[in-house]
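Here's the structure we're looking at; comments come further down.
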Amino acid sequence: MNKQTINLIYQRRYTNNKTNTHKGLNILVKILVIEDNLALNQLYTTYLKGADYHTFPANNAQQALDILENYEIDLILTDILMPEMSGLDFIKLLREAKLSTPIIAITALGEFTDLERGYELGVDDYMVKPINLNELLLRVKALLRRAKINESKILKIAGATFNQSSYNVEYQNKTILLPKKEFDLIYKLISYPNKIFTRRQLLDAIWGLDSDSDARTIDVHINRLREHLKEIKQLQIITVRGLGYQVTLCTKS
């Protein structure tokens, strides 16, 4: 947990704060779940996945920092009593690094002094074990709203409407139905216009960290998307040689 790692996380989040203000942003909200109890970790992540969140499990603070260094996390759910570094020390570390990501702390400690210290360190919300999963979901949604992280299912761009609930694209009174992976891929790209994504970033985000798919999978899906969306002239999927892909918006139709 060196200073360079913390600085990288801060720089990444500083850039993301600008990106997340993009109107209509709602590509899967990313939640980091830190819990050393494997059964509870799986319970939380499975439940949040069922609510259409992209979850990243970690068993300790070091794993969490590795994830924060490589991914754009929107909300952190962390246990307090953890080995090696406690949840409170982890939160203190993040806040000292100026990381403003919303944090929900989960604890078996219900004493007022423990809650007070957590809030002083920068916890945004607290839940005491055993937690109610329905209540957890309500708190996540409320905290994301306060953080102005958009969870809308519809994104309008380049004269087209992309509906994440139905995987439909509406353009000039026509409906284009995309396969789920293709839709998720284009949705990721259009949520961050002009941002370059590597093939690995796209594979991890859409297919998952444990996927055996390779870079060729992305190329095939991009080619299919170009064909499906060829009538939307203002929206261009650009190949950035040696890096990956980006979406650009043209002013001319």
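The values are calculated or read from the model by the stated rules, or taken from the named source; none is laboratory data. Just so it is clear, the model here is predicted, and its values are computed rather than measured. Using ideal geometry, Cβ is built from the backbone for each residue, glycine included, and neighbour counts are taken over all protein chains shown.
Things worth noting here:
- Of all residues in region 73-98, those satisfying the criterion of being basic (Lys, Arg) and under 20 Å from the mean Cα position of the chain (by Cα) are Arg95, Lys98.
- Given (1) modelled with pLDDT of 90 or more; (2) crowded, with 17+ Cβ neighbours inside 10 Å, number of the condition Leu99 does not satisfy: (1)
- Lone unmet requirement of (1) within 15 Å of the chain's Cα centre (by Cα); (2) at pLDDT 90 or above for Asn70: (2)
- Among the residues of region 25-75, the one identified as aromatic (Phe, Trp, Tyr), surrounded by fewer than 19 Cβ atoms within 10 Å (Cβ to Cβ) and assigned to a loop (DSSP other than H, G, I, E, B) is Tyr71.
- Screening Ser165, Ser191 for residues that are in contact (Cβ under 8 Å) with a residue 12 or more places away in the chain, on the phi < 0 side of the Ramachandran plot and out of contact with any helix residue (DSSP H, G or I) (no Cβ under 9 Å at 6 or more places or on another chain) leaves exactly one candidate, Ser165.
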